[in-house]
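The values are calculated or read from the model by the stated rules, or taken from the named source; none is laboratory data. In this text, all values refer to a predicted model and were calculated from it rather than measured experimentally. Ideal geometry is used to build each Cβ from the backbone, glycine not excepted, and the neighbour counts take in all protein chains shown. Surface accessibility is based on the protein's heavy atoms, side chains included, excluding ligands, DNA and RNA. Shrake-Rupley method; radii C 1.70, N 1.55, O 1.52, S 1.80 Å.
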Amino acid sequence: MSWLILNTLLACAENPADLSDYWYFRTDGVDLPVRVEGNLESGVILLMLHGGPGGSAVDYNYGYDTDLLEDAFAVAYFDQRTQGGTHGNYGTEMLTIQQVATDTANLVDALRDRYGQDNQVWLYGHSWGGMLGTATLLDTDADVDGWIEAAGSHDYPLNDVYTARKFITKAADVALQSTITEEDAQFWDEVGGFAGGLDLENISESDSLQLNQYAFTAEEHVELASSDEFGSGLLRYMLLNPTVKSTSWWSGLWGGNALNDDAFTTSYTPRLGEIAVPSLFIYGDLDFVCPKELGEDAFNAVDAQGISTDFVVLEASGHSLMVNQPEAFAEEIITFVDTWGVPR
Amino acid sequence: MLPLLLAATAMAVPNQVELVPKYRLDTSYVAQALRPGLRVAAEQSLWSSERDRLFTDEKLIREFTGSVGFMGWWHPYNQTPLMATAELGFRRTGTFWGFQKEALLGLGMGYAINGGRTYRYNDDGELKGNPLGGRGLIAPSMGIGFGQDLSQVKPKLKASWHLRGRMHYQWPYNVAGAPVFTVEVGISRPWSGL
């Protein structure tokens, strides 16, 4: 019984202004770990959709941005099917974007059933979470109040084109600079040459992966902002991490590969105008992984429908904008939700 | 306890030939990374032989062992696997200092409790929570170990200590199984000495 008592002590705090709750949600053969923390009295739950695929929501639950967001709202972190600390028993045929979106929609219902029907639930997706959030909005009947896409990729093929173009432009800029280091010059020359040699109408899966790899490396060759603030969850992240790195890596490989295969041919750009909830698109100016043009497209499409929307670019941020500029990042989200959220 | 046993070993006279006890109770602290656990098993020597080590007076005792027991560990927020285990082992014990090397092959069956109350929608569409929600599991395992039969160096010390590493392949785990690694440190006592 001791583990039950300890589990209870560790997992539950019932103060709604400072909620800390941990549970599993069983749906379609999978048990998804769900951690809900923050200010539930706000009447707003941000449902965090982590990146990857192959990642974990735990990685979004210890930064300084988390403290700021959780002061304002409740934030629900969950690991997606096969990833992080999920358990279950199901076949590979259930590793599709549609199935993960359905899991997310079911979780939206569960959050309201657990914490009250009067809570707004906003989807908040980062990177791959942008694809998942868009899929949940457009291909399920999820009852969602708003959408925050942070450096998200709702269109893998177009994402590749934007990344390649950004590399070509950056390489050309760098070639004109005289103060750049030899190492940086070499890198930009290499990626510029690679991107310039691609047929942008027909980028193969292997070239797409190479672009993605270059895009992450590119962050080592630009000047990104960094924050001195540490999140209050850092110690817990280090000592009480709910995931087993080796196990989640292994299990996440299956999900990551299958979902990436699905995503390589998925393009939501033509349907972005169907988004019917207030939407914030927030991107890093120095992000080569998911360039800001993706957010601009989404903003234009949603704005054209007369839906409340905003497009924000954080000038000194790369792909992990919540790490580079946590205060600005959280402030934009809080302001948008406070402005456009409609109490239920 | 372990440092005391090691100290006793250091003072002992080597080359005391005696077969290792045939029946043992094995109690171990198990750790999966920093997460604590326990393993309790009864072990029986199934077959053993003895031969002289080349160029020394030392004898090597080789034995096959079988054990059945119980094993579990607690990973907060993730899962608590509880397993009945059966294991075959091969162990070689040197009589100079009683040092042992072993290889292990096992199978565990049991249940993994999720690291939090598990909610699901029932047939009436109500969200219901179960504090013991989880899944059945099968976990073949393989491991290697190192230890010391203390009775080889101090006959009155009818015990051995061991350090083992295992890889369990937990199945099902999402669409496939998943490897889980554990380390254990423990003591074995002869059944008759308890």
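Elements of the type helices (runs of 4 or more DSSP H) sitting completely within the range A:96-212 and holding at least 2 residues that are under 24 Å from the mean Cα position of the chain (by Cα): these cover A:97-115, A:128-139, A:156-175. Test each condition in (1) in the same structural domain as A:Gly130 (by TED's automatic domain parsing); (2) closer than 19 Å to A:Pro157 by Cβ; (3) open to solvent by 30 Å² or more (accessible area, probe 1.4 Å) for A:Glu205 and report the one that comes out false. Condition (1) is where A:Glu205 drops out. Considering only residues in the range B:152-174 that are away from chain A (no Cβ under 14 Å) and buried (at least 23 other Cβ atoms within 10 Å of the Cβ), the one that is nearest to the chain's Cα centre (by Cα) turns out to be B:Ser160. The single condition among (1) part of a loop (DSSP other than H, G, I, E, B); (2) within 14 Å of chain A (Cβ to nearest Cβ); (3) on the phi < 0 side of the Ramachandran plot that B:Gly125 does not satisfy is (3). When B:Thr182 is tested against (1) closer than 22 Å to B:Leu105 by Cα; (2) open to solvent by 10 Å² or more (accessible area, probe 1.4 Å); (3) within 14 Å of chain A (Cβ to nearest Cβ), only condition (2) is not met.
Under the condition of being facing chain B (nearest Cβ under 9 Å), buried (at least 24 other Cβ atoms within 10 Å of the Cβ) and under 13 Å from B:Asn114 (Cβ atoms), the residues counted in the range A:79-93 number 3.
Of all residues in the range A:94-126, those being out of contact with any strand residue (DSSP E or B) (no Cβ under 8 Å at 6 or more places or on another chain) and away from chain B (no Cβ under 14 Å) number 4. Candidates are the residues of the range A:146-183 that are of a type in the set (D, E, K, R) and open to solvent by less than 30 Å² (accessible area, probe 1.4 Å); the one that is nearest to A:Glu220 (Cα to Cα) is A:Asp160. Would a scan of the range B:147-158 turn up a residue that is touching a helix residue (DSSP H, G or I) at 6+ places or on another chain (Cβ under 8 Å) and of a type in the set (S, T, N, Q)? Yes; the residues of the range B:147-158 include at least one that is touching a helix residue (DSSP H, G or I) at 6+ places or on another chain (Cβ under 8 Å) and of a type in the set (S, T, N, Q). Scanning the range A:14-39 for residues that are in a loop (DSSP other than H, G, I, E, B) and within 14 Å of chain B (Cβ to nearest Cβ) returns A:Glu14, A:Asp28, A:Gly29.
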